[in-house]
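The structure under discussion appears below in the form of structure tokens.
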Amino acid sequence: MGLLIVGSVAYDKIETPFGKTDRILGGAGTFIGLAASLLNVENGIVSVVGGDFKPEFLDLLKDNGTDITGIEVIEDGKTFFWEGKYHLDMNTRDTLATEVNVLEEWSPVVPESWKSPSILMLGNLHPMVQMSVLGQISKPELVILDTMNFWMNTAWDEVLEVISRVDVLTINDEEARQLSREFSLRKAASVILEMGPKVLIIKKGEHGALLFSKDEVFFAPALPLEEVFDPTGAGDTFAGGFAAYLAKTHDFSFENMKRAIIYGSAMASFTVEKFGTERLVELTRDELAERIKVFKRLTQFEMPT
């Protein structure tokens with residue numbers, strides 16, 4: 001099997017300086033799945049929604065190529081909901097509401113057809129949920145983990161346990177410093193790689209991303225955009241593009257991970273152009289190919305001899 005995604009499928013309510021929405025489709029699993037489908041990668045989502053979740057949103061995922069048999073519907077429950085308001089700089093935001101709802105006591109069940117995935121992408125959820133999924137599947141060729149400072153603050157030991165069992169960890173720069181207790185990101189990477197992962201990705205938002213292995217480092221810039229409409233889901237899209245490119249090429253070398261980061265960055269640059277999943281849903285492969293060329297021009301140069 002291809003790429004198995006474990007992550008939230010949710011409702012978001014977003015306000016930015018450019019407008020606001022009512023409840024729209026969101027969640028880490030959603031953005032990762034849409035990114036994978038764009039690269040025509042076989043993918044399935046393990047998640048849970050409530051009876052209030054619109055069937056057309058499940059149809060959207062299915063029609064775009066995601067296997068939704070692993071999405072449980074709890075009819076008498078409510079779907080995970082997040083509401084946030086972004087400041088003018090679009091880098092900072094206020095969380096106005098977080099309603100965990102059906103995710104609070106959810107025990108994930110991996111469908112039989114997905115118990116031997118090539119790549120497992122563990123989206124940002126409680127580390128014990130992530131561990132539960134690891135216990136249900138055969139050893140994938142690659143396990144990618146996303147986590148955040150909330151879990152470091154509330155479930156430190158569990159975070160360390162799941163980190164010790166993955167191949168690639170993706171976190172932001174603030175989380176890398178918290179996890180490692182080092183300010184220098186180079187030192188932070190060395191400490192974190194000793195915890196178990198073979199590869200570490202440190203996301204720096206509009207300033208790009210760093211890729212570390214024990215012996216190598218790579219920096220990928222973010223595309224300088226004239227307008228950022230809504231950053232929600234950009235990090236998840238980045239992770240989805242990264243994982244999907246590796247699944248498509250089936251090459252897990254550090255050199256190919258460099259290319260995978262560029263694909264993830266390119267996809268994320270589209271996500272921020274409209275609210276929620278709107279831009280990602282309408283994105284074409286030709287548009288993605290053209291933006292990859294822009295990234296290539298941005299990073300290539302020749303020195304005079």
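Mind checking which lysines have their Cα closer than 21 Å to the Cα of Lys258? Skip sequence neighbours fewer than 8 apart in that chain.
Of all the lysines, those that pass the test against Lys258 - Cα under 21 Å, at least 8 places apart if same chain - are Lys187, Lys198, Lys203, Lys204, Lys214, Lys248, Lys293, Lys296.
Tell me the per residue accessible area of the chain using a 1.4 Å probe; a whole number in Å² is fine. Write down the numbers at each step before the final one.
Details: 14110 Å² over 305 residues.
Heavy-atom SASA per residue in the chain reads 46 Å².
Taking segment 172-305, how much of its Cα-Cα pair set, in percent, is spaced more than 20 angstrom apart? Mind dumping the intermediate values first?
Values: 4266 of 8911 pairs.
Across segment 172-305, Cα pairs with separations above 20 Å total 48 percent.
Taking the mean number of other Cβ atoms within 10 Å as a proxy for protection, how do you rank 284-292, 266-274, 209-217, 166-174 from highest to lowest? Show your work: numbers first, answer last.
Numbers: 284-292: 12.7, 266-274: 23.6, 209-217: 16.9, 166-174: 21.8.
Output ranking for 284-292, 266-274, 209-217, 166-174: 266-274, 166-174, 209-217, 284-292.
What size of dipole, in debye to the nearest 20, comes out for segment 85-166 about its Cα centre when the only charges are +1 on Lys and Arg C-beta atoms and -1 on Asp and Glu C-beta atoms? Don't skip to the answer; put the middle values down first.
Values: 5 positive and 11 negative charges, 47 e Å.
Rounded to the nearest 20 debye, it is 220 debye.
For the chain, place one equal point scatterer on every Cα, skip the solvent, and apply the Debye formula. What is log10 of I(q)/I(0) at q = 0.08, 0.11, 0.16 Å⁻¹?
-0.32, -0.62, -1.44
Please state the Cα pair-distance histogram of segment 30-165 with 5 angstrom bins from zero: what percent is in each bin?
Calculated P(r), rounded to whole percents: 2, 9, 16, 20, 21, 18, 11, 4, 1, 0.
Any idea what the relative contact order of segment 30-99 is, in percent, if you count C-alpha pairs under 8 Å spaced at least 6 apart?
Dividing the mean separation by the residue count of segment 30-99 yields 29 percent.
Tally Lys/Arg at +1 and Asp/Glu at -1 over every other residue whose Cβ is under 15 Å from the Cβ of Tyr86; what's the total?
The answer is -4.
How far apart, in nm, are two points set 7 Å out from the Cα along the Cα-to-Cβ line at His87 and at Met148?
1.8
Size of the dipole of segment 1-141 about the Cα centre, Lys and Arg at +1 and Asp and Glu at -1 on the beta carbon, nothing else charged, in debye to 20? Present the calculation step by step, with values, prior to reporting the outcome.
Numbers: 10 positive and 20 negative charges, 64 e Å.
Around 300 debye, computed over segment 1-141.
For labels at Ser190 and Glu216 in the simple 7 Å Cα→Cβ model, what's the distance in nm?
So the two model labels end up 2.0 nm from each other.
What percentage of the solvent-accessible surface of the chain, computed with a 1.4 Å probe over protein heavy atoms, is contributed by carbon and sulfur atoms? Provide the component values of the computation, followed by the final result.
Numbers: 7000 of 14110 Å².
Of the solvent-accessible surface of the chain, carbon and sulfur hold 50 percent.
On full extension of the chain, what length is gained from Met303 through Glu15, given 0.36 nm per residue of separation minus the C-alpha to C-alpha distance?
99.2 nm
Identify, among Ile262, Asn40, Ala247, the residue whose Cα sits farthest towards the positive end of the charge dipole of the chain, taking +1 on the Cβ of Lys and Arg and -1 on the Cβ of Asp and Glu, with the dipole about the Cα centre.
Ile262
Volume per residue, Å³, of the convex hull around the alpha-carbon atoms of segment 228-305?
106
So if I take the centroid of the Cα atoms in segment 1-61 and the same for segment 243-259, what is the distance between those two points in Å?
23
Kindly point out which whole DSSP H helices in the chain project their C-alpha atoms 18 angstrom or further along the helix axis while averaging a Kyte-Doolittle hydropathy of -1.0 or above.
On the way: long enough: 234-249 (22 Å, 0.44); 254-271 (26 Å, 0.24); 285-299 (21 Å, -0.77).
Taking the DSSP H segments of the chain (at least 18 Å long, mean hydropathy at least -1.0), we get 234-249, 254-271, 285-299.
Order 201-208, 70-77 from most to least packed using the mean count of other Cβ atoms within 10 Å. List each step's numbers first, then the result.
Details: 201-208: 19.1, 70-77: 15.8.
Ranked by mean Cβ neighbours within 10 Å, highest first: 201-208, 70-77.
Percent antiparallel among DSSP beta bridges with both residues in segment 145-249, to the nearest 5?
55
Express as a percent, rounded to the nearest 5, the fraction of DSSP beta bridges in the chain (both residues included) that run antiparallel.
40
The values are calculated or read from the model by the stated rules, or taken from the named source; none is laboratory data. Treat the numbers as computed from the prediction; the structure is a model and nothing was measured. As a convention, Cβ positions derive from the backbone with ideal geometry for all residues, glycine included, and neighbour counts pool all protein chains shown. Please note that ligands, DNA and RNA were not included when accessible areas were found on the heavy atoms of the full protein model with its side chains. Shrake-Rupley method; radii C 1.70, N 1.55, O 1.52, S 1.80 Å.
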